[in-house]
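A quick write-up on the structure given underneath.
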């Protein structure tokens, strides 16, 4: 249901300052916020069930991350985004670029020095992050922890329903999406 809402109604460049290709020329980025989903209901484009599911799953993921990392006090939402990326027709399946370059969610990462400095324009208030995979019928798009695409500590293969939670200063990225469309419910917490 959420994948279908993202596939059919997410907005090109939403969440990326209107940029449809913010990370790579081979992938189109689209997104939908909870308020955007509510507008779809207002305009009778979707039934209320899909946006309600989006909020219920966001809350389950928040509670899971909070429990897993044994956090007190509780986490609060910073941003929630149904984010989809789709390979463009004719994109090479043998790519060495990244779908999303290695970065920290709450710091500015310098690939040359290896430093991740908590300073604006980074979202320095984001303490934890999580992604919930909404589909897995695509090739590539693996989530990684590491310092670069050539210096990877861990690779997570996307599976529908899988949650990846991590601290905001954990260096992570996404390997090239080689075929298909990859949708996640992305969440940032403070």
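Taking first residues from the range 14-29 that are touching a residue at least 24 places away in the same chain (Cβ under 8 Å) and partners that are assigned to a loop (DSSP other than H, G, I, E, B) and surrounded by 16 or more Cβ atoms within 10 Å (Cβ to Cβ), the Cβ contacts under 6 Å between residues at least 6 apart in sequence or on separate chains come to 26/91; 29/16.
Within the set 57, 53, 82, the sole residue that is touching a residue at least 12 places away in the same chain (Cβ under 8 Å) and either outside any helix (DSSP H, G or I) or over 18 Å from residue 2 (Cα atoms) (or both) turns out to be 82. For the range 1-56, filtered to residues that are over 30 Å from residue 90 (Cα atoms) and touching a strand residue (DSSP E or B) at 6+ places or on another chain (Cβ under 7 Å), the residue that is surrounded by the fewest Cβ atoms within 10 Å (Cβ to Cβ) is 34. Just checking, does the range 76-85 include any residue being at pLDDT 95 or above and farther than 30 Å from residue 176 by Cβ? There is at least one residue in the range 76-85 that is at pLDDT 95 or above and farther than 30 Å from residue 176 by Cβ. Scanning the range 89-102 for residues that are within 24 Å of residue 33 (Cβ to Cβ) and surrounded by fewer than 17 Cβ atoms within 10 Å (Cβ to Cβ) yields a single hit, 101. Every condition in (1) over 22 Å from residue 22 (Cα atoms); (2) under 13 Å from the mean Cα position of the chain (by Cα) holds for residue 79 except the one numbered (1).
The values are calculated or read from the model by the stated rules, or taken from the named source; none is laboratory data. All of these numbers come straight from a predicted model, not from anything done at the bench. Note: ideal-geometry Cβ built from the backbone for every residue, glycine included; neighbour counts use all protein chains shown.
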